[in-house]
Number of protein chains: 2
Amino acid sequence: MSAELQHRRPSHLEALKRALDQGTMRQVHRHVNAMHPAEIASLLESLPPAQRELVWELVDPELEGDVLVELNEEVRAGLIREMETEELVAATEGLEVDDLAGLLRELPEAVNQQVLRSLDAQDRERLNSVLAYEEDTAGGLMNTDAVSVRPDVTLETVLRYLRMRGEVPDRTDALFVVNRSDRYLGVLHVTRLLTEDPDRTVGEVMDTEVAGIPPATPAIEVANLFQDRDLVSAAVVAPGDGRLLGRITIDDVVDVIRDEAEHSVMSMAGLDEDADMFAPVVPSARRRGVWLGINLITAFLAAWVVGRFEATIQQIVALAILMPIVASMGGVAATQTLTLIVRGLALGQVERANAKWLFTKEIAVAMLNGFAWATVVAAVAFVWFRDWRIAAVIFAAMVVNLFAAALAGVAVPLGLKRFGVDPAVAGGVIVTTVTDVIGFASLLGLGTLLLR
Amino acid sequence: MSAELQHRRPSHLEALKRALDQGTMRQVHRHVNAMHPAEIASLLESLPPAQRELVWELVDPELEGDVLVELNEEVRAGLIREMETEELVAATEGLEVDDLAGLLRELPEAVNQQVLRSLDAQDRERLNSVLAYEEDTAGGLMNTDAVSVRPDVTLETVLRYLRMRGEVPDRTDALFVVNRSDRYLGVLHVTRLLTEDPDRTVGEVMDTEVAGIPPATPAIEVANLFQDRDLVSAAVVAPGDGRLLGRITIDDVVDVIRDEAEHSVMSMAGLDEDADMFAPVVPSARRRGVWLGINLITAFLAAWVVGRFEATIQQIVALAILMPIVASMGGVAATQTLTLIVRGLALGQVERANAKWLFTKEIAVAMLNGFAWATVVAAVAFVWFRDWRIAAVIFAAMVVNLFAAALAGVAVPLGLKRFGVDPAVAGGVIVTTVTDVIGFASLLGLGTLLLR
């Protein structure tokens, strides 16, 4: 990260910490409320519990809703737990429908009822239309604030209508064209509206190429569509009658992309991307403990394999010394292949049609590196232990294990995916277990055959 | 990933593979050119070399430039190498300035000269203004197609000007307001332009809150800004006189976000996110071999530590059997802490102001899990080897190693960052080396003290 970024971001946290330490609350108040909701959210996430509560108290009530929306799940839940019902209801005021829907899913039932009562009939209907869909689908991402126009009116009429309407939602780069029964027909780009002859009709200048998105479409697929087509907004359309349901805007899609990326990184270490970095010790320990426990089972499996060769190790201690090398190299090679395949799967670039080609390539790469590094290790082992048989055994074990690493690195994620398991979560533990077991078994097994 | 996504994406690759296998070239041609440039790019990335070249030949010349822009670096370089100069010059026609600049950085000098000659004076100047900045800065991301207006004219005049102009760049959600000397003053949101009274002046309805971005700002910081403020476009402004230089649009920012995320995932496995999944075996093997070689050095270090205790292992083989457990648990715990801190650093949420708090927390978590799982391992070890001293030794070694894991997991990324090294790249190797060495040394060291 750059020096400038290091400079910009810390300033909030540093300034705040200094102000908190010196206890000039008015300064903290001013500093916090001059920030944007997303920045306040990031700051809150960076603070240990006691300071976080203190700063949260200082956030202006009209910002609270937007800040809550931007926070990560666990941090948000912690703050919500401490808030009064009235405060929560007040915070939901003025939120966009998709944000409100997301928040309501996490609020206590009593608050939900009160929020719904506080809305007028139209807003309540809009909210329910979003709540009807899963959070991570196009329907859950959409807003119901889309402005729609008819194809047979002139641009002049549209311009007059907009001026009369008096406001247009943020990030409106296009109006949606619908027929009498609200069926989605295409988009009228605002840039066309501004530049075309006002006497032309909407139907003449509309863009019919951008298809409406069905509400059940997974969020990640929506994100791919926005990226591939460089969209700013898109229509969500009922699957049966093609009725316009709402619109998705790029800001929500950016959040999906960021969350998806976080998920890959965090889940590979058995972590939850929604977790609070400053969560209390006991729940943090419990969550991470589960992953350690799963790993322990696989470690016992590896130890059990080693245990099968107790007598061999006692006779040839050199093998015990070389054990970490075979296991470690296998683990690294397998993780490399796994990471490549997992990314390819996430991008939709790996599937059955090219898996065989990838298999062959990965095995070829593994064999090249296997022979190269096995030679190095065997040479060092020979110098170290002055026994060509030990050198031969570790050479063979390394080659076998890198072969197994390539095989597992490709097959495990493909297999997990077929069974509907996220390969980013389970893949790492499985492939390193494979290389540990194969590595130890081949090293000690060959050692038993050749050396005793 | 969902069934629907599995359904949508593969269709391109599957359909193509079938068409390629059956040799109906016309069908392949139609299929490929009906796709969007980003989709064609993704398809090309999914194909092994021979098929990739075949499909590339079929891409319509007018799409070639946009497809090249969307491709990953290595794949693009491979295709460029096979293209004639004229073909390359033709491909660059009609590209946006930022995309053209990005592409020119990778084209041979001869092609560059020819492209520059083919541009008119104004376009050449624009291009040079972008080329003057590093690719991963605001200046490198910007386009020079910003539409600017004066603050003292009425909205009516702006509307007439736009209609006369006849076209506005894609993703124009705002016009930039500048004074006589082209100094950036603020933005005129298109939504305001459409809804406000046409007799009002630009100065009255413009938004002065969005500051211009200096061209040297790192791309990742631009991305954070767009995310925090939900922007669609933003002005790039000269640092001295505040002159409007160009504008950045959300589509380029989305690419930055995606690239940054890819970088974290790939570099943790010592992989290059710009690498071609289907690159030839030898270069792939060489690149990955470097990482394996680095790992081998650390593995030898661990083996050397084990070697110090040869005599102990010979007497108490149980220790060799338990070695993988201590190392593996330490590695997993350290990777968890490391991942958390690396993410915190990337988000700007971890710095000196809260590092101490995190340190304390991570050590507390490690101690809880250390004692818990050490107890389990000690119990199993006792049942296995019927020796309470072995159980005691592995208990102590596990606790020591999880403590070391927490320490290294926090200290290593913070230290690397201070020295300007990307903690996502080097962190994993270093922390697992620490836990291997500490794990083996404590297990075998304590074993030597207590058991012999």
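Normalised by the number of residues in chain A, the average gap of Cα pairs under 8 Å and 6 or more apart makes the relative contact order 12 percent.
Determine which residues of segment A:101-131 fall in the zone a paramagnetic label at residue A:86 would reach in this model, i.e. backbone nitrogen under 18 Å from the point 7 Å along Cα→Cβ. Under cut-off, by backbone N: A:110-119. Panel order for A:20, A:402, by other beta carbons found within 10 Å of each beta carbon, from fewest to most: A:20, A:402. Exposure proxy ranking for A:228, A:173, based on other Cβ atoms within 10 angstrom of each Cβ and starting from the fewest, stands as A:228, A:173.
Taking each DSSP H run with n ≥ 4 as -39500 (n - 2.57) and averaging over every residue of the protein assembly as shown yields -22500 deg cm²/dmol at 222 nm. Residue separation of residue A:452 and residue A:24 scaled by 0.36 nm, minus their Cα-Cα distance, works out to 146.5 nm of gained length. In order along segment A:392-397, the phi-based Karplus estimate (6.51 cos²θ - 1.76 cosθ + 1.60, θ = phi - 60°) of 3J(HN,Hα) comes to 5, 5, 5, 4, 5, 5 Hz; Gly and Pro are listed as x. Rounded to whole Å, the principal axis extents of the Cα atoms in the protein assembly as shown read 95, 69, 57, largest first. Inter-copy label distances at residue A:85, shortest first and taken from points set 7 Å along Cα to Cβ: 7.9 nm.
Neighbouring Cβ atoms from other chains, within 10 Å of the Cβ of residues in A:287-293, number 6 on average. Shape class for chain B: prolate, because the ratio a/c of the largest to smallest gyration tensor axis (alpha-carbon atoms, square roots of eigenvalues) is 1.5 or more and a/b beats b/c.
With N set to the residue count of segment B:281-451, report its C-alpha Rg divided by 2.2 N^0.38 Å to two decimal places. Walk me through the numbers on the way to the answer.
On the way: Rg = 17.5 Å, N = 171, 2.2 N^0.38 = 15.5 Å.
Segment B:281-451 yields a ratio of 1.13.
Between the C-alpha center of segment A:22-59 and that of segment B:74-120 there is a gap of 49 Å. A point 7 Å from Cα along Cα→Cβ stands in for residue A:287, and the other copies hold the same point at 3.4 nm, listed in rising order. Taking each residue as 0.36 nm, the span from residue B:150 to residue B:229 lengthens on full extension beyond its C-alpha to C-alpha distance by 26.0 nm. Think of chain B as having a plus end and a minus end, set by charges on the Cβ of Lys, Arg, Asp and Glu; of B:215, B:36, B:327, B:327 sits farthest toward the positive end of this dipole.
Show me A:341-353, A:425-437 ranked by packing, highest mean number of other Cβ atoms within 10 Å first.
Final packing ranking: A:425-437, A:341-353.
Pairs of Cα atoms nearer than 8 Å and 6+ residues apart set the relative contact order; for segment A:148-251 it is 27 percent.
Axis angle, to the nearest 10 degrees, between helix B:423-451 and the longest C-alpha principal axis of chain B: 0 degrees. Using the Cα coordinates of segment A:148-251, the gyration tensor eigenvalues translate into equivalent-ellipsoid semi-axes of 24, 15, 12 Å, sorted from longest to shortest.
Give the separation of the Cα centroids, segment B:377-448 to segment B:357-373, in Å. Going from one Cα centre to the other spans 13 Å. The H on the amide N of residue A:246, modeled in the peptide plane, is under 5 Å from the matching H of A:236, each at least 5 residues off or on a different chain. Applying the Kirkwood pairwise sum to the alpha-carbon positions of segment B:194-327 produces a hydrodynamic radius of 20.9 angstrom.
Stretching residue B:297 away from residue B:360 to a fully extended chain increases their span by 19.5 nm, per 0.36 nm per residue minus the current alpha-carbon distance.
Projecting the Cα atoms of B:61, B:91, B:118 onto the charge dipole of segment B:3-141 (Cβ charges, centred on the Cα centre) puts B:61 farthest toward the positive pole. Label-to-label distances for residue A:243 across copies, nearest first, come out at 5.6 nm, using points 7 Å from Cα in the beta-carbon direction.
Going by the alpha-carbon gyration tensor, a ≥ b ≥ c the square roots of its eigenvalues, is segment B:3-141 rounded (a/c under 1.5) or, if a/c is not under 1.5, prolate (a/b greater than b/c) versus oblate? It comes out prolate by the Cα gyration axes.
Quick one: B:106, B:82, A:262, fewest Cβ neighbours within 10 Å first, how do they rank?
B:82, B:106, A:262
The rotation axis taking chain A to chain B passes closest to this chain A residue's Cβ, listed with the gap in Å: A:261, 1. With the simple model of a label 7 Å out from the Cα in the direction of the Cβ, residue B:14 to residue A:388 spans 5.6 nm.
Note that segment A:104-114 has calculated 3J(HN,Hα) couplings of 4, 4, 10, 8, x, 3, 4, 5, 3, 4, 5 Hz, one per residue in order, obtained from phi through the Karplus relation 6.51 cos²θ - 1.76 cosθ + 1.60 (θ = phi - 60°); glycine and proline are x. Summary value for segment B:3-141: 17 percent relative contact order, contacts being C-alpha pairs under 8 angstrom separated by 6+ residues. To the nearest ten degrees, helix B:219-229 and the longest principal axis of the Cα atoms of chain B are 80 degrees apart. Taking the C-alpha atoms only, the angle from helix B:3-22 to the longest principal axis of chain B is near 80 degrees.
Every number here is computed from the coordinates shown, using simple stated rules; none is lab data. Values in this document were obtained by computation on a predicted structure and should not be read as measured data. Positions of Cβ are backbone-derived with ideal geometry, glycine not excepted, and every protein chain shown enters the neighbour counts.
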